[in-house]
1. Can you pull out every residue in the stretch 70-95 that is out of contact with any Ser or Thr (no Cβ under 8 Å at 6 or more places or on another chain) and among the hydrophobic types (A, V, I, L, M, F, W, C)?
2. Find the residue count for the stretch 51-108, including only residues that are part of a loop (DSSP other than H, G, I, E, B) and touching a Gly at 6+ places or on another chain (Cβ under 6 Å).
3. Given the criterion surrounded by 14 or more Cβ atoms within 10 Å (Cβ to Cβ), acidic (Asp, Glu) and in contact (Cβ under 8 Å) with a residue 40 or more places away in the chain, identify the matching residue among Asp38, Asp58.
4. Out of curiosity, is Tyr93 buried (at least 16 other Cβ atoms within 10 Å of the Cβ), among the aromatic types (Phe, Trp, Tyr) and either assigned by TED's automatic domain parsing to the domain that holds Ile169 or touching a Lys or Arg at 6+ places or on another chain (Cβ under 7 Å) (or both)?
5. Suppose the filter is modelled with pLDDT under 80, under 24 Å from His74 (Cα atoms) and within 19 Å of the chain's Cα centre (by Cα); does Tyr125 pass it?
6. Of these, Leu78, Leu72, which one is crowded, with 19+ Cβ neighbours inside 10 Å and of a type outside the set (Ser, Thr, Tyr)?
7. Which ones in the stretch 171-206 are among the β-branched types (Val, Ile, Thr), modelled with pLDDT of 85 or more and either in contact with a helix residue (DSSP H, G or I) (Cβ under 8 Å, 6 or more places away or on another chain) or outside the structural domain of Ile154 (by TED's automatic domain parsing) (or both)?
Amino acid sequence: MGLASYKEREHEFKKQLIAEAAFQLFRNRSFESVTVQDIASAAECGKGTIYQFFINKDEVLYYIIATNLDRLIHNIELQCGLDIDFTTALVNYLSLQYLSHNNYGSLLMSLYRRHIEASVDIDSYYGELLLKRERKTQLVANLIKRGIQEGKIIEFDHYKLALIINNIIRSFCLGNLEIEPVDTDETADLEMIKGILVRGILTVNGGTTL
């Protein structure tokens, strides 16, 4: 059993190395332009080795996105739980979601394109991804519901508000893809997003006409 466990860990470690090499390629180039040979070269292994871990390039893409989503869910559970002050938990979530969209948003768009194109390979994974995304949304909705119950958020449909917050952050990060990297300041952008979503954009005087 110890030997089997070691082999499983080694297999997963090598799989993650390949996925990390592919991730860097997918971030800097279009998914369509990256070949399996490119991934093998970046991972410093033979092309045949890639196929020992992944059926094709689509599966590599799905693995990267699914792994990130699993990590995001774990971190939300860890940093936004009931034992953490609500405002702190909310700010923690905004940071986690921003980093996720900022780093993986372009890859997710590639996956969506493959789905729209009715790729059989992607469709076989897509349902699993939707389940993961729903689990994440429910975690955030529960966090917002707690904020409403504690009187720290005005009453809205907590599930829809979770979707709105996610979509605001996602749209902002995708918009940054159109800007030259030198023109973006991730730290400043994140602070602005947290400030707006937590405190709003109106000053005391600005809100008097509402």
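1. Within the stretch 70-95, Ile73, Ile76, Leu78, Cys80, Leu82, Ile84, Phe86, Ala89, Leu90, Val91, Leu94 qualify.
2. Residues flagged as part of a loop (DSSP other than H, G, I, E, B) and touching a Gly at 6+ places or on another chain (Cβ under 6 Å) within the stretch 51-108 amount to 0.
3. Answer to the selection: Asp58.
4. It is true that Tyr93 is buried (at least 16 other Cβ atoms within 10 Å of the Cβ), among the aromatic types (Phe, Trp, Tyr) and either assigned by TED's automatic domain parsing to the domain that holds Ile169 or touching a Lys or Arg at 6+ places or on another chain (Cβ under 7 Å) (or both).
5. In short, yes.
6. Leu72
7. Ile193, Val198 - these are the residues of the stretch 171-206 that are among the β-branched types (Val, Ile, Thr), modelled with pLDDT of 85 or more and either in contact with a helix residue (DSSP H, G or I) (Cβ under 8 Å, 6 or more places away or on another chain) or outside the structural domain of Ile154 (by TED's automatic domain parsing) (or both).
The values are calculated or read from the model by the stated rules, or taken from the named source; none is laboratory data. A quick note: this is a predicted structure, and the numbers were derived from the prediction, not measured. Heads up, the Cβs are rebuilt from the backbone with ideal geometry, glycines too, and the neighbour counts pull from every protein chain shown.
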